[in-house]
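The values are calculated or read from the model by the stated rules, or taken from the named source; none is laboratory data. Keep in mind it's a predicted model, so treat the numbers as computed, not measured. Cβ: placed from backbone, ideal geometry, glycine included. Neighbour counts: every protein chain shown.
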């Protein structure tokens, strides 16, 4: 039996086509969030767990993954093993200081679509994914 991995559901519905919608907040931060999500998209589609764990996830989410008793890379290999044809549509981006909330709608082959809010945080002056899914309302613009 596989251990429960907190990120597996969201990763199953994540990222191969990225369309950014209208955002609010500082333009440079919006661009940086976009670049982080583009890297996240590529790494997820390519199943590059090393980049996800080392460069794109916040320290908080990596620690949460470790609480299941597996290194981040092992847990993500399991979570991504059956991921096929992921797609992501991004709605609004809301930036509040060192936190960004992004409204997304994700789909993947043989997975139900999901509308969620992805949270990013700024660590060491770089945006990192801090929460991969959380159903919720569209962030205000």
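Points worth noting:
- Check on residue 34, outside any strand (DSSP E or B), at negative phi, modelled with pLDDT under 90 and surrounded by fewer than 21 Cβ atoms within 10 Å (Cβ to Cβ): yes
- Residues that are part of a helix (DSSP H, G or I) and more than 17 Å from residue 130 (Cβ to Cβ), drawn from the range 39-78: 42, 45, 49, 50, 73, 74, 77, 78
- Condition met for residue 102 (assigned to a strand (DSSP E or B) and either in contact (Cβ under 8 Å) with a residue 60 or more places away in the chain or surrounded by 20 or more Cβ atoms within 10 Å (Cβ to Cβ) (or both)): yes
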